[in-house]
Each structure stands twice: as C-alpha cells, then as structure tokens.
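Worksheet for the structure shown next.
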Amino acid sequence: MTDDLALHPRDVRFDWSDVPLHWVPGDPLTTHALNTLHLVLPEGERWFVQVFGQALPHIRDPRLREQVLGFIGQEAMHAKAHDGAAAHLAALGIDPAPFVAQIEWLFRTLLGDRQGSAAVRHQWLLERLSVIAAIEHFTAVLGQWVLDADALEGADPTMLDLLRWHGAEEVEHRSVAYDLYMHLDGRRFRRIRTMVVVAPVLAWLFVRSTRWLVANDPSRPGAPRWRDYLRAARAGRLPRPGQLLPAVWRYLPRGYHPSQEGDTAQAVAYLAASPAAKAAL
C-alpha cells in the first residue's frame with residue numbers, strides 16, 4: 001500500500017436550489033454526460049459498500065482493514081451526495097427513476113449475492129472484488145481528470161464542487177480496492193479478464209445514460225452526436241478518448257499499482273479547499 005493516508009468520510013452537504021438545468025452554460029451534452037454520474041454511481045457505490053462489508057472478516061492486515069473502513073464511509077457519502085443531485089434533476093423535470101431502476105437490477109440482481117456452498121460464495125466475493133478494483137481504476141482516472149479540468153471553471157460552482165470533492169476522494173482512496181483484491185486473491189488472469197468486461201460495459205452505460213438524459217431533457221436540446229462529444233472533449237470539458245483508452249492498458253501489466261495514477265497532493269489540497277468539505281469540518 002502507498003499514500004498512507006487516514007481515510008475518513010466527509011459529511012458534505014450541497015444546496016441545489018440555484019443549480020440550473022444546464023449547469024455547464026450553453027452545453028447540454030457536457031451537462032448530461034457528467035450528470036450520468038448521478039444516475040449510475042449511487043447504486044454502484046452502495047454495492048461497493050455491501051461487498052466490502054462481506055470482505056471485512058477475511059482481512060488479515062489491520063492497516064488494510066482500517067483503509068477499507070474509510071473507503072466504505074467515503075463511498076456511502078458519495079452515494080448520498082449524488083442521490084441529492086439526482087433528486088434535483090427530478091425537480092427540474094428529468095425523473096431519473098426509470099433509468100436508475102435498470103442500474104439497480106445490474107447491481108442488486110446480476111451482481112448481487114449468490115447462493116451456494118461457502119466456497120462458491122467466496123469465489124463470487126473475489127470475482128466482485130476484482131470488478132470493484134477495475135471500476136475504481138477508472139474512477140481514479142476520472143477523479144484526476146476533473147481536478148485538472150480547467151475548462152469547467154465556468155460551470156455552476158455547487159455542481160463543480162460535488163464533482164471535484166468526489167474526484168479528489170477517488171484519487172485519495174484509489175489504491176484500496178486493488179490492495180484488497182490483491183490481499184484476498186491477486187490472480188492476474190482474473191484481474192485482466194475483469195477489466196476486459198468492465199471497460200466496455202462502463203463505456204456503454206455512460207453513453208446510454210447520456211442519451212437517455214438528453215432525450216428526457218424538457219428543453220429538448222436535440223439528439224446527442226459523437227461530433228458534439230469530440231468537440232467538448234477537445235475543449236477540455238469532457239475526457240478525451242486518448243485519456244480514457246490508454247487507461248485500460250495501464251491496468252494490465254504485472255507491475256501495475258493504482259499509486260501510479262493521480263496526484264495525491266493535489267487531491268488532498270482540493271479537499272482542504274472544497275467549500276462543501278470545509279463546511280463539513
């Protein structure tokens with residue numbers, strides 16, 4: 001393990017009352033591409049908490065156990081914060097419930113608990129830990145991206161603080177899921193196989209949810225187009241393909257570790273300056 005930080009949840013609060021529907025001014029596509037986080041992440045983060053809770057009795061390293069508990073607290077708070085943003089979308093005329101129901105099926109049914117012998121349940125636990133490690137690789141990459149995304153400075157400050165507070169904590173705890181997987185299993189074949197599945201599924205989820213949000217936007221901004229995404233990405237308002245695709249390959253080598261991603265000092269500095277995090281002290 002690296003970046004020996006004492007992880008702890010920050011009891012943040014966000015006032016959504018003045019956040020407009022298109023909180024990236026003049027850019028509905030970027031707004032909704034980033035709004036996908038409010039639809040996809042909360043159920044996934046609650047699933048992380050559940051799976052990590054099941055892994056706790058198997059952890060033999062006291063320091064890793066402490067880090068896992070900190071991770072659980074932070075992920076629970078992330079889910080709560082994004083639920084608040086999703087409720088604000090509903091108040092503005094985009095009810096996320098139909099789409100969120102599909103995400104619930106993914107995590108509660110497809111990736112939910114399975115019956116069987118103790119050995120079968122343990123292997124399923126290890127499989128799900130490998131999935132979380134792969135997902136957390138991408139959340140760390142995206143967390144660093146949003147900390148660096150100067151092109152978003154004109155966005156609504158409340159929403160931007162949510163994204164950067166969350167992104168900073170993803171960078172802060174980026175090693176925990178991987179370290180837990182390596183502690184309890186560590187098989188490289190499983191790690192690679194899982195990433196081969198997780199990467200395209202995540203891409204499909206975010207594209208699908210962006211299209212769904214745009215289609216249900218009461219202002220009817222028009223169907224999203226790939227050239228609109230590429231234009232926003234070139235402007236720095238969304239991650240570029242050249243920032244996302246290489247992240248898959250970086251995860252695969254034998255010598256990979258999440259400490260190779262992101263800037264801990266930058267993340268900690270943002271958490272010290274975040275309006276929501278400061279108010280939670």
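The values are calculated or read from the model by the stated rules, or taken from the named source; none is laboratory data. Predicted model only: the values in this text are computed from it and were never measured. For neighbour counting, all protein chains shown are included, and Cβ atoms are generated from backbone atoms with ideal geometry for every residue, glycine included. Keep in mind that these areas ignore ligands, DNA and RNA; they rest on the heavy atoms of the full protein, side chains included. Shrake-Rupley method; radii C 1.70, N 1.55, O 1.52, S 1.80 Å.
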With (1) touching a residue at least 60 places away in the same chain (Cβ under 8 Å); (2) of a type outside the set (S, T, N, Q); (3) part of a helix (DSSP H, G or I) as the list, and Arg237 as the residue in question, which single condition is left unmet? (3)
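Just checking, which of Arg254, Arg220 is open to solvent by 70 Å² or more (accessible area, probe 1.4 Å) and within 29 Å of Asp179 (Cα to Cα)? So that I can check it myself, show each step before the final result.
On the way: Arg220 fails: within 29 Å of Asp179 (Cα to Cα).
Of the residues listed, the single one that is open to solvent by 70 Å² or more (accessible area, probe 1.4 Å) and within 29 Å of Asp179 (Cα to Cα) is Arg254.
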Gly84 passes all but one of (1) open to solvent by less than 30 Å² (accessible area, probe 1.4 Å); (2) in contact with a helix residue (DSSP H, G or I) (Cβ under 8 Å, 6 or more places away or on another chain); which number fails? (2)
Touching a residue at least 40 places away in the same chain (Cβ under 8 Å), of a type in the set (A, V, I, L, M, F, W, C), touching a Phe, Trp or Tyr at 6+ places or on another chain (Cβ under 8 Å) and in a loop (DSSP other than H, G, I, E, B): is that true of Val12 in this structure? yes
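Of these, Asp61, Asp4, Asp27, which one is charged (D, E, K, R) and open to solvent by 60 Å² or more (accessible area, probe 1.4 Å)?
Asp4
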Any residue that is buried (at least 16 other Cβ atoms within 10 Å of the Cβ), within 23 Å of Ala168 (Cβ to Cβ), of a type in the set (Val, Ile, Thr) and modelled with pLDDT of 95 or more - is there at least one of those in segment 33-41? yes
In the set Asp15, Asp27, the lone residue that is over 27 Å from Val201 (Cβ atoms) and not aliphatic (A, V, I, L, M) is Asp15
What are the pairs with Cβ atoms under 6 angstrom where one residue, in segment 104-117, is over 13 Å from Arg46 (Cβ atoms) and the other, located anywhere, is among the aromatic types (Phe, Trp, Tyr)? Sequence gap at least six, or different chains. Arg114/Trp124
Give segment 150-205 a look and list any residue that's surrounded by fewer than 17 Cβ atoms within 10 Å (Cβ to Cβ), of a type in the set (A, V, I, L, M) and closer than 20 Å to Glu45 by Cα, or say none. Val197, Val201, Ala203
